[in-house]
Amino acid sequence: RFGSGGGSNLAGGTGGRGGGLLSVRAKSVVVNGFVSANGERADALFGGGSGGSILVTASLISGKGVFRAVGGAGNSSGSGGGGGRISLINPDTTPGFTFTGTFLVYGGSASGNNSFFGSSGTAYREDKTASGIAYRTLELNNANNPLANTTDRTLINEAAPQVSEGLPTYDFDVLILSSNAGLRFVTTTALKLIARDFFTDDTTSVLIHDNMIMEADLDRTVAQGLLIPNCNFDLRQLGELRLPALVQFGGPKNVLAGLLTGVQTLVIPVGKSSTFLDTGRTAMRAEVNGVQQYLFITQPGNYQFVTLLVKRFALASFDGNFNRSLTISFATVVLSFGATISGKNIILSSSTLNISPQASIT
């Protein structure tokens, strides 16, 4: 689709025009230059146009060039346009992508006191494995543009291509978030997001809305070690986040109000924090007679793990309230130097509790 034009609530002038739409269908595509569908910069006081769309359908895609669908810059009090959409699709049954260039989908810049940078767009690649199975990669990168607030995330509104557990499902072999990119879905209806390999940095965020399930790296084994999602998870009360057994929450500030499934060992790394609200729950799933089933789901405000490790100067906050206690149960709890577990009206149950110097439970 075309990018949308930038706007303003003032009379006169024009917002930046949205980026165009480019669709290419060929047997072989070689890109060593630029393929662009950028939004335009705005006139004074207006918003930049959002990036457009680039769709390339080809059996062979190679080169070292640049695909770009960048948001246009806002002018004065106008905000930047959001990044656009880039999709590269191999329709054949054999691998065909050797492209090693760059995808640019960041939002437009802003300079006014009351204006904001645009959100990242998306870069999607669908190649084939040697066995002819689709291999899907989705990448969001916002070039370190500062986000306006925690809800300023890239909206995914394309129709889900699959169904799993009776839910519309977005299934990616690789999901990459970087440089202040944030991900959320435009709908709040029930859906499922699968990220078989999940790569993030600590500037990124994911909103798991009510009635949404997210699975990340579930095939990861204990022998492969910790999964370290460095993003900030915003898990809403009726959402569910499914993770492997060993997890380190690397985001600087996670907020968990919903169902956290599969985690046995939880690590809060040095200097980071995670907040567990009194609506949150934990669960375990396993295959029973060939079908994945829940072994248990705790009551709201009841968190059960095998091990909790809070590293140096990190914070695990369990926010109960005066009307309902929050229960946390672990076989082993380790607080490293300067680490803190805090909360209101909490009940802590543990077989082994190790509190290092300068660490505290408050």
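The values are calculated or read from the model by the stated rules, or taken from the named source; none is laboratory data. No experiment lies behind these values; they were computed from the predicted model shown. All Cβ positions, glycine included, derive from the backbone under ideal geometry; neighbour counts span all protein chains shown. Accessible surface areas use protein heavy atoms only, side chains included; no ligands, DNA or RNA. Shrake-Rupley method; radii C 1.70, N 1.55, O 1.52, S 1.80 Å.
Quick rundown of the values:
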| read-out | value |
| --- | --- |
| Filtered residues of the stretch 73-94 (kept if under 24 Å from the mean Cα position of the chain (by Cα) and either open to solvent by less than 50 Å² (accessible area, probe 1.4 Å) or β-branched (Val, Ile, Thr) (or both)) | 79, 80, 81, 82, 83, 84, 86, 87, 88, 89 |
| Hits in the stretch 44-57 (condition: in a strand (DSSP E or B) and either of a type in the set (D, E, K, R) or over 15 Å from residue 127 (Cα atoms) (or both)) | 53, 54 |
| Residues that are under 15 Å from residue 202 (Cα atoms) and either of a type outside the set (S, T, N, Q) or in a loop (DSSP other than H, G, I, E, B) (or both), drawn from the stretch 248-263 | 249, 250, 251, 252, 253, 255 |
| The stretch 326-349, residues that are closer than 19 Å to residue 265 by Cα, buried (at least 16 other Cβ atoms within 10 Å of the Cβ) and out of contact with any Gly (no Cβ under 7 Å at 6 or more places or on another chain) | 328, 329, 330, 333, 334, 335, 336, 339, 340, 341, 348 |
| Unmet requirement for residue 323, which otherwise passes all of (1) modelled with pLDDT of 95 or more; (2) in a loop (DSSP other than H, G, I, E, B); (3) open to solvent by 50 Å² or more (accessible area, probe 1.4 Å) | (1) |
| Residue satisfying all of: in the stretch 267-305; assigned to a loop (DSSP other than H, G, I, E, B) and over 18 Å from residue 347 (Cβ atoms); most open to solvent (accessible area, probe 1.4 Å) among these | 289 |
| Residues of the stretch 95-131 satisfying the condition of being within 21 Å of residue 172 (Cβ to Cβ), open to solvent by 50 Å² or more (accessible area, probe 1.4 Å), in contact (Cβ under 8 Å) with a residue 12 or more places away in the chain and part of a loop (DSSP other than H, G, I, E, B) | 95, 98, 100, 106, 130 |
| Any hit, the stretch 227-238, residues being within 21 Å of residue 318 (Cβ to Cβ), open to solvent by 20 Å² or more (accessible area, probe 1.4 Å) and aliphatic (A, V, I, L, M) | yes |
| Residue in the stretch 224-231 that is in contact with a Pro (Cβ under 9 Å, 6 or more places away or on another chain), free of Cβ contacts under 8 Å to residues at least 60 places away in the same chain and not in a loop (DSSP other than H, G, I, E, B) present | yes |
| Failed condition for residue 60, given (1) in a strand (DSSP E or B); (2) in contact with a Leu (Cβ under 8 Å, 6 or more places away or on another chain) | (2) |
